[in-house]
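Okay, so here's the structure we're looking at.
Bear in mind these aren't lab numbers, they're just calculated from the coordinates by the rules spelled out. This is a predicted model, so every value here is computed, not measured. All Cβ positions, glycine included, derive from the backbone under ideal geometry; neighbour counts span all protein chains shown.
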Amino acid sequence: MKILEDRILKDGVVKAGNVLKVDSFLNHQMDIELFNEMGKEWKRLFAGENITKILTIEASGIGIAVIAAQYFNVPVVFAKKSQSLNLDGDLYTSKVESFTHGRVYDVVVSKKFLHEDDNVLIIDDFLANGNALVGLIDIAGQAGAKVAGIGIAVEKLFQGGGDMLRAKGYHIESLAMVESMSEDGLTFGKR
């Protein structure tokens, strides 16, 4: 998606350790006009999938998932990274290792929000090693829900998570695919 790639080139910052900082428009301060274009594109890419829920993980996935959901006319369910007093009843749980935070989270979703008749579109901001997506796929599986597809804003192709999940048969649509990056810049690729 050229508009996203152009924005990454303009405002993204490559940091040491394969970190692409896009906090000025994607995952801290949010550019809603850009998010709207991303939501429209995911609707086009997953038009025939009869999506019933969008599933994401807190916190960075929530904004883009909410905007995308308006194009599918479905609710968003997000996996929480910590149990709170607001979570009651039975929960689906999975362990997720965060690439950027370097720690493992027990993520949870209430069983009352995800069911076996759901056709789920998973949305997230980044796909690097694929750990967050594996956790969300696990949660959907515990519910008996079908994962109809995975929509990603930025995929780092060189980290292999997308290849691993595609090899398992998942339909992944990444709007910007970073083939390589260094502090001198980055290049985009395709799959």
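Brief remarks on what is shown
- Bridgeable aspartates and glutamates around residue 168 (alpha carbons under 19 Å apart, same-chain partners fewer than 8 residues away excluded): 49, 124, 138, 155.
- Label-point gap, in nm, between residue 103 and residue 10 - each point 7 angstrom along Cα→Cβ: 3.5
- Estimated purely from DSSP H runs of n ≥ 4, each contributing -39500 (n - 2.57), the mean residue ellipticity at 222 nm for the chain is -9000 deg cm²/dmol once divided by its residues.
- Each principal axis of the Cα atoms in the chain has its own extent, and those three values, largest first, are 49, 36, 33 angstrom.
- For the pair residue 117 and residue 58 in one chain, pulling the backbone fully straight at 0.36 nm per residue adds 18.9 nm over the alpha carbon distance.
- When the listed pairs 40/111; 80/146; 21/81; 43/81 are checked against a 25 Å cut-off, the alpha-carbon distance exceeds it for 40/111; 43/81.
- Using C-alpha pairs under 8 Å with a sequence gap of at least 6, the mean separation divided by the residue count of region 2-188 gives a relative contact order of 20 percent.
- Farthest toward positive dipole pole in region 93-154 [+1 Lys/Arg, -1 Asp/Glu at C-beta], among 128, 150, 104: 104
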